[in-house]
Structure formats: structure tokens, C-alpha cells
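Peer 1: My structure is below; once you've seen it, I'll send some questions.
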Amino acid sequence: MTLDETRAMSIHEIEWSVRAEHVLDYYLPRVTTLGHLASMRESELKKVRNCGRKTINEIREKLGELGLALGEPNFQNEVERAIYRVKHMDAIDGAKDRKLSTILAALEAGLRKPRTGGQYDAYVMLQEVVNANHDS
């Protein structure tokens with residue numbers, strides 16, 4: 001399943017606890033897709049009635065299992081999402097940081113013009129760095 005398909009999934013396709021389902025159904029009725037839910041910040045969820053720490057942790061965990069995270073903008077494509085994730089990563093060692101700067105520049109330039117083979121190569125390299133940093 002692609003990221004876009006995951007973001008388009010209904011929140012009802014996920015098995016939630018009774019608590020989380022109640023919050024999503026009754027207090028967030030306009031939130032119908034996982035992408036919309038993922039675009040919400042934790043601070044927004046804290047303001048929702050009956051949406052406490054346990055519910056927010058469950059939402060964060062379920063989204064994480066699907067490759068999404070709370071507070072991510074509603075990206076137009078996976079390249080934008082990868083750029084966002086790398087820019088918001090914790091500190092990375094110097095060699096990776098220089099490599100990431102080069103990759104990010106190529107990707108951001110590619111977003112302003114039609115996709116090129118070089119942009120795709122940069123995206124693949126970026127995904128490898130993201131995955132390596134996430135796994136460690």
C-alpha cells in the first residue's frame with residue numbers, strides 16, 4: 001500500500017480501543033481519513049474532550065505502524081514527506097549531515113520543476129538515510 005493510499009484510508013478501517021473510537025466518532029466527526037488525523041498536532045488533540053494521554057498515545061502508535069505521524073503536514077507526495085522527516089530528525093553525525101544537505105537540495109530543486117531521474121535517485125538515497133537513522 002502506498003503512502004497516499006494509507007493517508008486516504010478511513011479512520012474506521014483501523015481497530016481502535018473503545019476510548020479512541022469514541023473520541024474519533026463523537027468529538028472529531030469531521031476527521032474521516034488517516035491523513036487528516038495525522039495532520040493534527042498533539043496540542044490540538046489535547047484540547048478535544050475525552051482525548052487524554054492514553055488516547056493520544058494510541059493514535060500516535062497506530063499512525064506510526066502505518067508510516068504516519070502526528071503533526072505531519074498533508075503532503076502532496078512522498079518526496080515532500082521525506083524532506084519534512086529529515087529536516088525534523090534528531091541530530092545526525094557530520095558525514096550523514098553533509099550527505100543529507102546535498103540530497104535535500106536536489107529534492108527541493110526537483111519539487112520546483114518536473115521530476116527527473118536525479119531527483120528520484122536522491123529520494124532513494126534519502127529514504128535509505130531516513131530508514132538507517134530510524135532503525136538505530
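Peer 1: Cβ contacts < 8 Å: first residue under 17 Å from Ala38 (Cβ atoms), restricted to the stretch 5-22; second residue outside any strand (DSSP E or B) and of a type in the set (Asp, Glu), any location; separation 6+ or different chain. Result?
Peer 2: Trp16/Glu58; Ala20/Glu58
Peer 1: How many of the residues in the stretch 10-65 are in a loop (DSSP other than H, G, I, E, B), within 13 Å of the chain's Cα centre (by Cα) and of a type outside the set (Lys, Arg)? Spell out the reasoning first.
Peer 2: Residues of the stretch 10-65 that are in a loop (DSSP other than H, G, I, E, B), as a first pass: 14-17, 28-32, 39-41, 47-52.
Keeping just the survivors that are within 13 Å of the chain's Cα centre (by Cα) gives 39-41.
Of the ones still in play, those that are also of a type outside the set (Lys, Arg) are 39-40.
Residues flagged as in a loop (DSSP other than H, G, I, E, B), within 13 Å of the chain's Cα centre (by Cα) and of a type outside the set (Lys, Arg) within the stretch 10-65 amount to 2.
Peer 1: Now for a separate question. Out of the residues in the stretch 1-37 meeting the condition of being under 15 Å from Gly71 (Cα atoms) and in contact with a Lys or Arg (Cβ under 7 Å, 6 or more places away or on another chain), tell me which one is surrounded by the most Cβ atoms within 10 Å (Cβ to Cβ). If you could, list the steps in order and put the result at the bottom.
Peer 2: Step one: list which residues in the stretch 1-37 are under 15 Å from Gly71 (Cα atoms), which gives 7, 31, 33-37.
Subset that is in contact with a Lys or Arg (Cβ under 7 Å, 6 or more places away or on another chain): 33-35.
Details: Thr33: 17, Leu34: 22, Gly35: 20.
The selected residue is Leu34.
A short reminder: the numbers here are calculations on the coordinates, not readings from a lab. These numbers were taken from a predicted model, which means no experiment stands behind them. Neighbour counts run over all protein chains shown; Cβ positions are idealised from the backbone, glycine included.
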